[in-house]
Amino acid sequence: MVTPEVIQQIGFIVGAEYVSTAPDTIIANSQDALKQVFCADAIVFPRTAEEIAAIMKLANEQRFYVTARGGGVGYTGGAAPVRGGIVLATDRMNRILEINKADLVAVVEPAVTNYQLQKAVEAEGLFYPPDPSSWKESFIGGNIALNAGGPRCVKYGNTKQFVLGLDFVTPTGEIIKSGGRVPKNATGFHLESLMVGSEGMLGIVTRCILRLLPLPEARRTALAIFESAQDACNCVADFTTSGILPVALELLDRTSINAIEDYEPSGLPRNAGALLIIEVDGLREAVAREAEIVREMCRKHRAIQFREAANDAEAGAIWEVRRKMSPAVARTGKIKLNHDIVVPRSRIPAMLDFIEDLSRRSGFLIPTFGHAGDGNLHVNVMLQDNGEDTRRRGADTVRQIFEKAVELGGTISGEHGIGYAKAPFFDLAVTPATMELMKTIKRALDPNGVLNPGKVFEQAMDAHQVGFVNSDQACC
Ligand SMILES: Cc1cc2nc3c(=O)[nH]c(=O)nc-3n(C[C@H](O)[C@H](O)[C@H](O)COP(=O)(O)OP(=O)(O)OC[C@H]3O[C@@H](n4cnc5c(N)ncnc54)[C@H](O)[C@@H]3O)c2cc1C
């Protein structure tokens, strides 16, 4: 429990008006997209790295927990203060500091949303590829902490490919400047790379130097429907021999197609095995040729329908099908256990077969969709009630999916991270020595364990309790 005296001291650092103990503010900032609330003692809205450094020093002196928060739309509970303490909500650190066309660099504060950054750089004829579907709400700081990806990562890579330099505050309150604004840098350890994917456990990012690309001149989008998931997967796999690398190769399985048709009929054939959304980008002439190859590939793999967008509006309509996935799937059950596994893309058919069989055996609907181009599948185990037995069976079903992903040469997260939600399964994906090294790094940077406890390798709860509404959630 953070005492009122300590909360007052935090107020001296950031200004009393930027510390809140109001129940509404606490509840809103003590959860993420999992919607499981763990009430913080106070929510603090710092403005500068210096303020954050002073708070971290105080946290080590007074021994209270601190959890950094971005847009709060993570899917694994990373920003939830599972052991109480304070939440550092970065909302006020939201300025785009520089967009430099000559150097292909953007410098931003951590609370700039992915969407704001994309629109700002596009206005300058530039391009920031990482595109999580939560782009309108998620912050660049959160994207960095989770190494966020999205449909375009097949061709361009995840957030880590675009981080050139970072300023961050260590858990003990030092301000570190790592990397820089140059595309090549071999000057000591890449501490900025250590921060990418560190889930808010090794430091708090306060300034981000990001790599940009020239905005591609043209883009073409197509939707292809296949009788079987196997045909769609063969098509995805065969792109490696096609001589082109699409920007996006998104797959929806039969259960997902039917979820969309139940939610908002879109004219998709309910008996189709799978559909692919395929996009290519680049110079206009090259894109025209690449679009031909896409058409040939879909024909070769027996697509039963093929629709190519003639303009931006039609491309938007195709992507709208993909955007409906989240709400459509949510309607197929009362509780959604949503996990993002990755397998080598040649193993997607084996994974889909396994999920179909598991769905039959467990009795749970398991709509599966996602970024097939990089083997990153969003698997949703849908529960129809919140009973203890259902939750335990749900957690066991999730475990079997993770075990299979690892067995096929993949892992248990491609972009959502581990947080507290996947912590009970983390040992499936890393060796004991690997986990020990991560703990050693954490101890070296955070000797008092004050920053974001109860995550990744520290299990805050049993698997069957993850993502479920507790009766003690009226804590505030
Ligand atoms: C509908 C929906 C669609 C989604 N689609 C995608 C997708 O396509 N791809 C994808 O990758 N993810 C997706 N996500 C998951 C999520 O939105 C992303 O992982 C996103 O990166 C989270 O960003 P955030 O700002 O909301 O982070 P938060 O949830 O606020 O925090 C996430 C983690 O980052 C840490 N953190 C936040 N800010 C900082 C900082 N400044 N310094 C250090 N650590 C910090 C937190 O402590 C926490 O551990 C989706 C989520 C939803 C709800």
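Determine the percent antiparallel among the DSSP beta bridges restricted to the range 4-91, to the nearest 5.
On the way: 2 of 9 bridges.
Antiparallel: roughly 20 percent of the beta bridges in the range 4-91.
Can you tell me what share of the DSSP beta bridges in the chain is antiparallel? A percent to the nearest 5 is fine.
Values: 61 of 69 bridges.
Antiparallel bridges: around 90 percent, rounded to the nearest 5.
Semi-axes of the equivalent ellipsoid of the chain: what are they in whole Å, largest first, if each equals the square root of 5 times a C-alpha gyration tensor eigenvalue? Could the numbers behind the result be given before it?
On the way: eigenvalues 280, 153, 74 Å².
For the chain, the semi-axes come out at 37, 28, 19 Å.
First select every other residue whose beta carbon is under 14 angstrom from the beta carbon of Gly149; then total the charges, Lys and Arg +1, Asp and Glu -1.
Values: positive: Arg152, Lys155, Lys160; negative: Asp131, Glu250, Asp340, Asp374, Glu415.
Cβ neighbours under 14 Å give a net charge of -2.
Quick one: which of 150-158, 265-273 comes out on top by average Cβ neighbours within 10 Å, and what's the full order, highest first? Walk me through the intermediate numbers first.
On the way: 150-158: 21.9, 265-273: 13.6.
Highest to lowest by the protection proxy: 150-158, 265-273.
Checking the a/c ratio against 1.5 first, then a/b against b/c, what shape does the Cα gyration tensor give for the range 4-91? Mind showing how you got there, number by number?
Working: a/c = 1.67, a/b = 1.64, b/c = 1.02.
It comes out prolate by the Cα gyration axes.
Based on the alpha-carbon gyration tensor of the range 345-476 and its eigenvalue square roots a ≥ b ≥ c, which shape applies: rounded if a/c is under 1.5, prolate if not and a/b is larger than b/c, or oblate?
oblate
Based only on other Cβ atoms within 10 Å, what is the fewest-to-most ordering of His339, His190? Provide the component values of the computation, followed by the final result.
Numbers: His339 22, His190 15.
Lowest count first: His190, His339.
Before anything else, pin down the relative contact order of the range 148-248: Cα pairs under 8 Å, at least 6 apart, normalised by residue count, whole percent.
Working: 108 pairs, mean separation 34.8, N = 101.
In percent, rounded to a whole number, it is 34.
Based on the mean of other beta carbon atoms within 10 Å per residue, what is the order of 33-41, 309-317, most packed first?
Working: 33-41: 21.0, 309-317: 12.4.
The densest-packed peptide leads the list: 33-41, 309-317.
Calculate for the chain the 222 nm mean residue ellipticity that helices alone would give, adding -39,500 (n - 2.57) per DSSP H run of length 4 or more and normalising by residue count, nearest 500 deg cm²/dmol.
Numbers: 16 runs with 164 residues, N = 476.
Here the helix-only value at 222 nm equals -10000 deg cm²/dmol.
Evaluate the Debye formula for the range 218-327 with equal point scatterers sitting on the alpha carbons, no solvent, and hand back log10 of I(q)/I(0) at q = 0.14 Å⁻¹, in q order, two decimals.
-0.51
Evaluate the relative contact order of the range 96-214 (contact order divided by residue number), counting alpha-carbon pairs under 8 angstrom at least 6 apart; express in whole percent. It would help to have the intermediate numbers written out before the result.
Working: 235 pairs, mean separation 38.0, N = 119.
Relative contact order, the range 96-214: 32 percent.
For the range 379-469, calculate the relative contact order in percent as a whole number, restricting contacts to Cα pairs under 8 Å that are 6 or more residues apart. Present the calculation step by step, with values, prior to reporting the outcome.
Details: 66 pairs, mean separation 32.6, N = 91.
In percent, rounded to a whole number, it is 36.
Where Lys and Arg each count +1 and Asp and Glu each count -1, what net charge lies around Ala111 among other residues with Cβ under 13 Å from its Cβ? Could you put the intermediate results ahead of the total?
Numbers: positive: Arg47, Arg69, Arg92, Arg95, Arg207; negative: Asp91, Glu109, Glu137.
Around Ala111, the charge tally is +2.
Read the figures in this text as sums done on the coordinates, not as results from a lab. In this text the structure is predicted, and so the values were computed from the model without any measurement. Positions of Cβ are backbone-derived with ideal geometry, glycine not excepted, and every protein chain shown enters the neighbour counts.
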